[in-house]
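First the structure, in the form of structure tokens, and then the observations on it.
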Amino acid sequence: HVYSHGTGINPDHFGDAELNGIRSLWTSHWHFPLSSGAKINMTLSQRLREYIAAAFTGIWIQSHEHSDALREIAQLCRDEKWALATWDIDKGLSAAGDGGQAAASATDPVAAIRAVNALATPKGSALLVLPNFHRFLQSTEIVQALAHQIQAGKNNRTFVVVLSPVVQIPTELDKLFT
């Protein structure tokens with residue numbers, strides 16, 4: 001499943017038959033259409049909190065409003081006392097609370113993926129948010145690094161969150177992203 005920054009449902013309230021085939025659409029909140037046409041609202045923070053609690057370590061968020069999504073994710077991380085880092089090709093890797101200092105390997109997406117492990121703690125979660133990362137998924141090295149990190153995240157509570165205006169998940173990663 002890939003979900004959009006929009007309105008959503010709580011899967012606990014519905015049976016498997018009702019949840020089959022649910023696809024996401026872009027709106028101002030999480031949005032999951034039900035077969036009956038009804039909609040139940042859920043914020044990005046609420047949905048992300050559920051995914052983290054369930055240890056879905058690869059999360060794809062379709063969003064055209066990255067700054068809004070990043071702001072909401074950052075607030076959630078502060079509230080939950082989770083570590084947060086972001087990476088993009090222009091600004092490099094920056095962790096919340098580092099004063100905006102980018103890592104030495106600022107333009108290396110593989111190094112950024114591996115860096116989330118340094119944020120892991122035995123009692124907390126760490127998130128790496130990758131805006132517009134769909135542009136890098138043609139690289140075998142990046143796909144492999146993401147696959148390894150998403151698997152490792154189940155053991156050390158690290159989470160990779162891709163923010164993208166489109167859903168373009170390579171076949172090798174399709175089952176790893178929620």
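The values are calculated or read from the model by the stated rules, or taken from the named source; none is laboratory data. Keep in mind the model is a prediction, meaning the values are calculated, not measured. In this analysis, Cβ positions are derived from the backbone assuming ideal geometry, glycine residues included, and neighbour counts consider all displayed protein chains. Protein only, heavy atoms only, side chains kept; ligands, DNA and RNA dropped before computing areas. Shrake-Rupley method; radii C 1.70, N 1.55, O 1.52, S 1.80 Å.
Note on the stretch 113-159: Rg/Rh from Cα positions, Kirkwood definition for Rh, rounded to two decimals, is 0.99.
Using a simple spin-label model with pseudo-atoms 7 Å out from Cα toward Cβ, residue 120 and residue 64 lie 3.7 nm apart. Reported value for the stretch 49-178: 99 Å³ per residue, from the convex hull of its C-alpha atoms. Using all pairs of distinct alpha-carbon atoms, the Kirkwood hydrodynamic radius of the stretch 37-83 works out to 11.7 angstrom. If the chain linking residue 151 and residue 167 were pulled fully straight, counting 0.36 nm for each residue of separation and taking away their Cα-Cα distance, it would gain 3.7 nm. Once you reduce the stretch 78-92 and the stretch 124-178 to the center of their Cα atoms, the two points are 14 Å from each other. In whole percent, how big is the carbon plus sulfur part of the accessible area of the stretch 69-178, probe 1.4 Å, protein atoms only? Exposed carbon and sulfur together represent 51 percent of the surface.
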